[in-house]
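A.B. asks: To start, I am sharing the structure in question, which I have written as structure tokens.
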Amino acid sequence: MKLQRYGTIACLALTATLGLSACGSDNNEPSTSASGSTAAVDCATGTVNAQGSSAQKNAMAEWIKAYQQKCQGTTINYESSGSGAGIQAFIAGTADFAGSDSALKPEEQPQADAKCTGGKAIHLPMVIGPVAVVYNAGGDVKDLQFKPATLAKIFAGTVTKWDDPAIKADNPDAKLPSAAIQTVHRSDESGTTDNFTKYLSKTAEADWTFGNAKAWKAPGGVGAAKSDGVASKVKSTVGTISYVEWSYAENSGLNMAKVQNGAGEWAALTAESAGKTIAGAKVEGQGDDLKLSIDYNTKEAGAYPIVLATYEIVCSKGLAADKLKLVKGLLTHAASAEGQNSLTELGYAPLPETVRTKVETAVKNLS
């Protein structure tokens, strides 16, 4: 399900922030790259099976649809099983590539490399998914905002009432109910959980002592499966608060909180504010391995700090010949300016151009 297209102002702001020169197009018109030409597609036939991150499900569906419209005779299956399941499927050899919202763990890297004859498993950032803090505190409670420490206390279970002094301090003008807070977390292993808990670890170390991981470690709260399950639980249950990718928050019409960034500003989640944090991310991998390091304490003016990069984890070399051309064709489209520009209407932020061109080159080097 797609979101309505952002307005011209938001689109131009995103363009200025990320260095892109096009803002996508209607479905019946070809999208163009920065040079104004439609992205070339190297068509292949056959079947590819992939799975993993539910955060990128909508983006992957759009890319698969666009590729199959241009290239007949292809079957591309993507199962949004969650980042942890996707990585395990790649290691087991049942997925030709995996989608993951966090990088391979040190102990997973050699297992994944073993599936790549003559190469290694590399990380290709394809989707930037801002993570929204969503809540349902009752119909009259809107426009809430939270400091990182307040969020850490809520999700750690030390702040348990909506009218707690910590929440009141962040929201002095809000009419907060004297009701219990029910936190909602992912019940499956999730890169979104990994990134959200990493954010809490980096920005509120004194109040969040559970580290970061794909599996939820803090006590209390209730679990919901995958991103759509979290969004559904918050929408249907008064008193809840959770974290979910922006596209799911928008599609479900959920209340989204402002979050205080490292500059002390209350940042609302927009394409522009998320793009400012993305633009400051650094590539920490080597060669074609493009793992990103995100500064959750960003002091960039207006930056929304909770963002994640979803990777396609794929073999740099060693993919079976009957899979290689189709995987390269699909990922070439995804990494193109055309493929990235199409994400703005789905609740994602396109890759910064400096990162996008590196991803494009890495895909071309797959062999």
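A.B. asks: Given a Förster radius of 41 Å and the C-beta distance between Asp322 and Val222 as r, what FRET efficiency does 1/(1 + (r/R0)^6) yield to the nearest 0.05?
C.D. replies: 0.40
A.B. asks: Once the Cα atoms of helix 321-335 and of the chain are each reduced to a long axis, what angle between those two axes, in degrees from 0 to 90 to the nearest 10, is obtained?
C.D. replies: The answer is roughly 50 degrees.
A.B. asks: Compute the relative contact order of the chain as a whole-number percentage, counting only Cα pairs closer than 8 Å that sit 6 or more residues apart in sequence.
C.D. replies: RCO, the chain: 27 percent.
A.B. asks: By how many nm would the segment from Cys43 to Gln109 grow when fully extended, if each residue of separation counts as 0.36 nm and the alpha-carbon distance is taken off?
C.D. replies: 20.7 nm
A.B. asks: Can you tell me the dipole magnitude for the chain around its Cα centre, using point charges on the Cβ only (Lys, Arg +1; Asp, Glu -1), in Debye to the nearest 20?
C.D. replies: 260 debye
A.B. asks: OK, next. Per 20 Å bin, what percent of the C-alpha pairs of the chain does each bin hold, from zero upward?
C.D. replies: Answer for the chain: a P(r) of 31, 57, 12, 0 percent.
A.B. asks: A further question follows. Take the Cα gyration tensor of the stretch 195-259, multiply each eigenvalue by 5, square-root it, and list the three semi-axes largest first, rounded to whole angstrom.
C.D. replies: Ellipsoid semi-axes (Å, largest first): 22, 13, 11.
A.B. asks: Thr117 to Gln69: FRET efficiency via 1/(1 + (r/R0)^6), r the Cβ-Cβ distance, R0 35 Å, to the nearest 0.05?
C.D. replies: 0.60
A.B. asks: Could you give log10 I(q)/I(0) at q = 0.22, 0.23 Å⁻¹ for the stretch 91-195, computed by the Debye formula over C-alpha point scatterers of equal weight, without solvent?
C.D. replies: Each listed q corresponds, in turn, to -1.20, -1.28.
A.B. asks: Output the Kirkwood hydrodynamic radius of the stretch 238-292, Cα pairs only, in Å rounded to one decimal.
C.D. replies: 13.7 Å
A.B. asks: Distance check, please: which entries in Lys65/Lys328; Lys175/Lys226; Lys161/Lys258; Lys168/Lys276; Lys147/Lys175 exceed 22 angstrom between their Cα atoms?
C.D. replies: As for pairs spanning more than 22 Å Cα to Cα, those are Lys175/Lys226; Lys168/Lys276.
A.B. asks: Using all alpha carbons of the stretch 262-364, what is the percent of pairwise distances in each 10 Å bin, ordered from the shortest bin to the longest?
C.D. replies: 14, 41, 30, 11, 3, 0
A.B. asks: Moving on. Give the carbon-plus-sulfur fraction of the accessible surface of the chain in %, rounded to a whole number; probe 1.4 Å, heavy atoms of protein chains only.
C.D. replies: 49 percent
A.B. asks: With the cut-off at 1.5 for a/c, could you classify the stretch 201-342 from its C-alpha gyration tensor as rounded, prolate or oblate?
C.D. replies: prolate
A.B. asks: Right, another one. What number, in nm² with one decimal, is the all-direction average of the projected area of the convex hull of the alpha-carbon atoms of the stretch 161-238?
C.D. replies: Value for the stretch 161-238: 5.7 nm².
A.B. asks: Kirkwood Rh over Cα pairs of the stretch 131-269 into Stokes-Einstein at 37 °C, 0.692 mPa s: D in µm²/s?
C.D. replies: 223 µm²/s
A.B. asks: Using the heavy atoms of the protein chains alone and a 1.4 angstrom probe, what is the accessible area of the chain per residue in square angstrom?
C.D. replies: That works out to 39 Å² per residue.
A.B. asks: I want the antiparallel fraction of DSSP beta bridges within the chain, as a percent rounded to 5.
C.D. replies: 60 percent
The values are calculated or read from the model by the stated rules, or taken from the named source; none is laboratory data. Here the structure is a predicted model, which is why all the values come from computation and not from measurement. Glycine also receives a Cβ, built like all others from the backbone with ideal geometry; neighbour counts cover every protein chain displayed. These accessible areas exclude ligands, DNA and RNA; they are computed on the full protein's heavy atoms, side chains included. Shrake-Rupley method; radii C 1.70, N 1.55, O 1.52, S 1.80 Å.
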